């Protein structure tokens, strides 16, 4: 068993429903914890609605490739459309970090190459894994972040 962290975000439609179903699909029966949901500004220059973001911690035997497949299935299940790079999304899922694993493969780069820059990843990741993300690293992330509450409280 190893720890793994995935980031989930949504800014189209029923964001709480997209995130809740995304959590269910990526966890696939693994023990897991879910961070607070944070409202965050979009990154990438495309004008769009704010995102709701969270991080899921898994305790899993799944391989990193299996985690990526779960992420892609969750996005497909929520009908994610990829017409505009960095554009609006029903659900976006990224594999951030997997204990004991590193890869620079273009299909799956772990740790996620931009996670240390993005406040929308660092705040919820620090909440679940302060051993991975210090307060100083969290505070250095780019972008506005506002805590909204638990996923359950937002449904």
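Considering only the stretch 127-141, I want to know if a residue exists there that is part of a helix (DSSP H, G or I) and under 25 Å from residue 70 (Cα atoms).
Step one: of the stretch 127-141, the residues part of a helix (DSSP H, G or I) are 127-128, 135-140.
Then drop every residue that is not under 25 Å from residue 70 (Cα atoms), which leaves 127-128.
Within the stretch 127-141 (the criterion being part of a helix (DSSP H, G or I) and under 25 Å from residue 70 (Cα atoms)), the answer is yes, since at least one residue qualifies.
This table checks each residue for (1) modelled with pLDDT under 95; (2) within 21 Å of residue 151 (Cα to Cα).
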position	(1), (2)
37	no, yes
45	yes, no
60	no, no
113	yes, no
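Looking at (1) closer than 24 Å to residue 24 by Cβ; (2) in contact with a strand residue (DSSP E or B) (Cβ under 8 Å, 6 or more places away or on another chain), which is the only condition residue 144 fails?
(1) is the only condition that residue 144 fails.
Taking the residues in the stretch 69-95 that are under 17 Å from residue 110 (Cβ atoms) and under 12 Å from the mean Cα position of the chain (by Cα) as candidates, determine which candidate is surrounded by the most Cβ atoms within 10 Å (Cβ to Cβ).
Selected residue: 93.
The values are calculated or read from the model by the stated rules, or taken from the named source; none is laboratory data. For clarity, every value in this text was computed on a predicted model and none was experimentally measured. A quick note on method: Cβ atoms are made from the backbone with ideal geometry, for glycine too, and the neighbour counts reach across all protein chains shown.
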